[in-house]
Amino acid sequence: MTKGKLIVISGASGVGKGTVLKRMMDRQPSLTFSVSATTRPPRPGEQEGVHYYFVTKQRFEEMIARGEFLEYDAHAANYYGTPRAQAEEKRQHGHVLLDIEPAGAMQVKQKEPEAVFIFIMPPSVQELERRLRGRGDTPEDQIKMRMERAKWEMDQRSWYDHVVVNDDADRCAEEILRIIGA
């Protein structure tokens, strides 16, 4: 069997990546999702190996030193990263989806240039802000910070292989599935 592709999906907070990825996986059950490792504590309802691999900061730093990550980053005083071995094992069974930020995507591009890089854009900056506000759980200072971050992230789309606008989650999922040939 041919090894599956790494499919890197990025987009600003609030663009609807999670919804689009769920719809893709509902339509194409052979797709698998890469589970990241993190040093942050589990949130209520999160399960080890399903939502994240929860590791200590020391263990994460040892994994960095051994080159065990496809990509990793630190934000909000915690590390997040994609364990290489887990992604490789899943590739033996089909395409693997990675939901990561542009900085991590660039690390993957350097290590795995044959991966497919897809950036999901909002229909407009105004719609992105409306979606963030519509969640109802994000304080104003966080909205401003995420919107500033979103501008930088959207500027990174030029080096991605494909840019897809999420004006409708079903249509966006179908377009990405066509791109990856799943």
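The values are calculated or read from the model by the stated rules, or taken from the named source; none is laboratory data. Note that this is a predicted model, so its numbers are computed, not measured. Positions of Cβ are generated from backbone atoms using ideal geometry, with glycine treated the same way; all protein chains shown enter the neighbour counts. Surface areas here come from the heavy atoms of the whole protein model, side chains and all, with no ligands, DNA or RNA. Shrake-Rupley method; radii C 1.70, N 1.55, O 1.52, S 1.80 Å.
Quick rundown of the values:
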item: Any hit, segment 73-80, residues being within 13 Å of the chain's Cα centre (by Cα) and under 18 Å from Ser10 (Cα atoms); result: yes
item: Contacts under 8 angstrom Cβ, first residue in segment 134-157 being hydroxyl-bearing (Ser, Thr, Tyr), partner surrounded by 15 or more Cβ atoms within 10 Å (Cβ to Cβ), 6 or more apart; result: Thr138/Leu132; Thr138/Arg146
item: Residue list for segment 27-52, restricted to those being assigned to a loop (DSSP other than H, G, I, E, B), within 19 Å of the chain's Cα centre (by Cα) and among the small types (Gly, Ala, Ser); result: Ser30, Ser34, Ser36, Gly49
item: Selection count where residues are open to solvent by less than 60 Å² (accessible area, probe 1.4 Å), closer than 16 Å to Ser10 by Cβ, outside any helix (DSSP H, G or I) and out of contact with any Pro (no Cβ under 8 Å at 6 or more places or on another chain), scope segment 162-182; result: 1
item: Candidate set: segment 140-161, residues that are of a type outside the set (Phe, Trp, Tyr) and open to solvent by less than 70 Å² (accessible area, probe 1.4 Å); chosen: the one nearest to Val116 (Cα to Cα); result: Gln156
item: Complete set of residues in segment 28-37 that are exposed (fewer than 14 other Cβ atoms within 10 Å of the Cβ) and under 20 Å from Glu88 (Cβ atoms); result: Ser30
item: Looking only at segment 47-63, and only at residues there that are open to solvent by less than 50 Å² (accessible area, probe 1.4 Å) and modelled with pLDDT of 95 or more, the one that is farthest from Met145 (Cα to Cα); result: Met63
item: Residue in segment 20-27 that is without any contact (Cβ under 8 Å) to a residue 12 or more places away in the chain and either surrounded by 13 or more Cβ atoms within 10 Å (Cβ to Cβ) or at negative phi (or both) present; result: yes
item: Candidate set from segment 5-33 (those that are modelled with pLDDT under 95 and small (Gly, Ala, Ser)); member that is farthest from Leu98 (Cα to Cα); result: Gly14
item: Filter pass, Val55 being under 18 Å from the mean Cα position of the chain (by Cα) and among the aliphatic types (A, V, I, L, M); result: no
item: Qualifying position, being surrounded by 12 or more Cβ atoms within 10 Å (Cβ to Cβ) and among the basic types (Lys, Arg), among Arg66, Arg40; result: Arg40
item: Scan of segment 122-137 for residues that are surrounded by 22 or more Cβ atoms within 10 Å (Cβ to Cβ) and modelled with pLDDT of 95 or more, ordered by number; result: Pro122
item: Flag for His75 being exposed (fewer than 14 other Cβ atoms within 10 Å of the Cβ), under 24 Å from His51 (Cα atoms), touching an Asp or Glu at 6+ places or on another chain (Cβ under 9 Å) and modelled with pLDDT under 95; result: yes
item: Residues of segment 53-66 that turn out to be part of a loop (DSSP other than H, G, I, E, B) and touching a residue at least 12 places away in the same chain (Cβ under 8 Å), as a count; result: 2
